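Undergrad: Got a structure for you, questions after.
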């Protein structure tokens, strides 16, 4: 349609937009950007401002996919400006949401929620269900990052319901993944792995590489929490490979950090340091505050393990500062606990008790099981050193309860069951596809054989017809020859009679 110049302008513009969005955006974002530019150039030449805005929006999203946040905001702002000029409310809401998404990824939750709320209000005014679902989901992410899992879950479920109503598969997969994250944080790994796997299945059906990588990464997190480092590494490595294929800088940095954590847990500090440093560099390039804080915290762990306590405290403190600015309660608890742990190792038990108690309080407030487990373990050891055996026992019991909850047989069985279910479904899908291919080939062979048979039969008919024709011609020729011979004999007889007559006449004379 795009190449057919006889088509109306809007048809051609829609065609190239859909081609870039559906075919390239989440697998080859650079190509999506290129096709969007072709669309923009044509829209500008025919003065179609709506499609100029759409092209800018698509370019902004493609830049977001690659983690180029500064440029992405620039293109979404251009799109927003045009939509305001022409009064396109749906476009305005979309641009506001996309700008909010970038601030969210950068860890600026205050700005993000302002943009999401504005976008939601406009979409509700115009009754844009898809836009409402997207904004609800994104607001849920803010609450998740702030540690309000109950509110986050409420927004995710509301978003999922609308996405199911309108049949938005990509949106359904995203909501399923986000609900899985909440269950993961709450320690319900059976439900978490179920939602992650359902999300992954849809993403694979859609060929959404960014979504596939995200789901693989989250499944890797569960295996890490279960202590299955080999499986976690496998999932993280698969995720990294896909992120590198599509050039998603943010995703690459996240996967590098996660692989670094595996090496850290395995005691390979040199490799862990290498991965954490690479991860930090990318997060700094794209301005992702949450990622920077995570990398600083991870580097602090390296120095802590190496016994460089002063350096480790510096990194932990820098990480905590960013996390407090962002208001991410889960991460704040994590940083406080690490500070408590290092102060305990230094013998500064008063500070250790202060930091670890704050960490436990926040973890219990938001209901994050893994953080409760870590903080209670740290407090158990601190109280023991302080000689406060009653409090130490309480913390030890809490730690055991949380640990057993995470490592429960039910959780392990559910994870194994989901893994085999997903593997079986993938193998079944491949087998079905292969069967269909074989059926198609078989049908093709049968068709070919029929054609050969028909051709052979047709050839035989032609040969027989030709033989009959030749035979018939021979009969006619023989008949004609016989007639000719008879005529020749008759002529000869007549000639003889004439000759005889002449001789007779001569005799008479």
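Undergrad: If you go through the range 290-311, how many residues are surrounded by fewer than 19 Cβ atoms within 10 Å (Cβ to Cβ) and touching a residue at least 60 places away in the same chain (Cβ under 8 Å)?
TA: Number satisfying all stated conditions: 0.
Undergrad: Moving on to the next point. Just a yes or no: is a residue in the range 7-20 over 21 Å from residue 249 (Cα atoms) and outside any helix (DSSP H, G or I)?
TA: yes
Undergrad: Can we say residue 34 is without any contact (Cβ under 8 Å) to a residue 40 or more places away in the chain and surrounded by fewer than 16 Cβ atoms within 10 Å (Cβ to Cβ)?
TA: So residue 34 passes the test.
Undergrad: Also: Return a yes/no flag: does the range 267-276 have any residue that is assigned to a helix (DSSP H, G or I), touching a residue at least 24 places away in the same chain (Cβ under 8 Å) and closer than 20 Å to residue 375 by Cα.
TA: Scanning the range 267-276 turns up no residue that is assigned to a helix (DSSP H, G or I), touching a residue at least 24 places away in the same chain (Cβ under 8 Å) and closer than 20 Å to residue 375 by Cα.
Yes/no per residue for (1) over 28 Å from residue 345 (Cβ atoms); (2) surrounded by 19 or more Cβ atoms within 10 Å (Cβ to Cβ):
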residue	(1), (2)
229	no, no
243	yes, yes
264	no, yes
271	no, no
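Undergrad: In addition: Return the residues of the range 67-79 that are crowded, with 24+ Cβ neighbours inside 10 Å and either free of Cβ contacts under 8 Å to residues at least 12 places away in the same chain or part of a helix (DSSP H, G or I) (or both); say none if nothing qualifies.
TA: 72, 75, 76, 79
This table checks each residue for (1) at pLDDT 95 or above; (2) surrounded by fewer than 24 Cβ atoms within 10 Å (Cβ to Cβ); (3) within 17 Å of the chain's Cα centre (by Cα).
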| position | (1), (2), (3) |
| --- | --- |
| 170 | no, yes, yes |
| 175 | yes, no, yes |
| 180 | yes, no, yes |
| 184 | no, yes, no |
| 188 | no, yes, no |
| 199 | yes, no, yes |
| 217 | yes, yes, yes |
| 220 | yes, no, yes |
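Undergrad: Out of the range 124-149, which residues are surrounded by fewer than 20 Cβ atoms within 10 Å (Cβ to Cβ) and assigned to a loop (DSSP other than H, G, I, E, B)?
TA: 127, 128, 146, 148
Undergrad: Still on this structure, please answer the following. If you check residue 64 against the conditions, is it surrounded by 15 or more Cβ atoms within 10 Å (Cβ to Cβ), without any contact (Cβ under 8 Å) to a residue 60 or more places away in the chain and not in a helix (DSSP H, G or I)?
TA: Judged against the criteria, residue 64 is not a match.
Undergrad: Have a look at 259, 302 and point out the one that is within 30 Å of residue 30 (Cα to Cα) and modelled with pLDDT of 95 or more.
TA: Every option except 259 fails the conditions.
Undergrad: Something else now. Would you check which residues across the range 15-29 are surrounded by fewer than 19 Cβ atoms within 10 Å (Cβ to Cβ), in contact with a helix residue (DSSP H, G or I) (Cβ under 8 Å, 6 or more places away or on another chain) and modelled with pLDDT of 90 or more and list them?
TA: Of everything in the range 15-29, just one residue is surrounded by fewer than 19 Cβ atoms within 10 Å (Cβ to Cβ), in contact with a helix residue (DSSP H, G or I) (Cβ under 8 Å, 6 or more places away or on another chain) and modelled with pLDDT of 90 or more, namely 19.
Undergrad: Residue by residue through the range 337-348, note down the ones that are buried (at least 16 other Cβ atoms within 10 Å of the Cβ) and within 13 Å of residue 381 (Cβ to Cβ).
TA: 337, 340, 341, 342, 343, 344
The values are calculated or read from the model by the stated rules, or taken from the named source; none is laboratory data. What you see is a predicted model, and the numbers here were worked out from it, not measured in a lab. No Cβ is skipped: glycine too gets one built from the backbone with ideal geometry, and neighbour counts run over all protein chains shown.
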